[in-house]
């Protein structure tokens, strides 16, 4: 069975936090190149790595990773705001 593609918000969260790929890699215990693969969605993380990313950013896994394309946060917020 072919693995399905996972989408994520890692790059946006990392940039918002003001840290480099290397800093994130050091915190979650991977090579900076792995962070690049994750950000480009060229690599699906293991469940353990997904938890480490989630714990680092302080958000639930389902906020960071999804099986469908993730809309920009601005679109998500506008969709939820009352008219």
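Structure notes:
One line per residue, one yes/no per condition, for (1) in contact with a strand residue (DSSP E or B) (Cβ under 8 Å, 6 or more places away or on another chain); (2) in contact (Cβ under 8 Å) with a residue 24 or more places away in the chain:
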residue	(1), (2)
15	no, no
20	no, no
27	no, yes
41	yes, yes
51	no, no
63	no, yes
70	yes, yes
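- Matching helices (runs of 4 or more DSSP H) fully within the chain where at least 3 residues are at pLDDT below 95: 73-80
The values are calculated or read from the model by the stated rules, or taken from the named source; none is laboratory data. These numbers come from a predicted model, not from an experiment. When we count neighbours, we look across all protein chains shown, and the Cβ atoms used for this are built from the backbone with ideal geometry, even at glycine.
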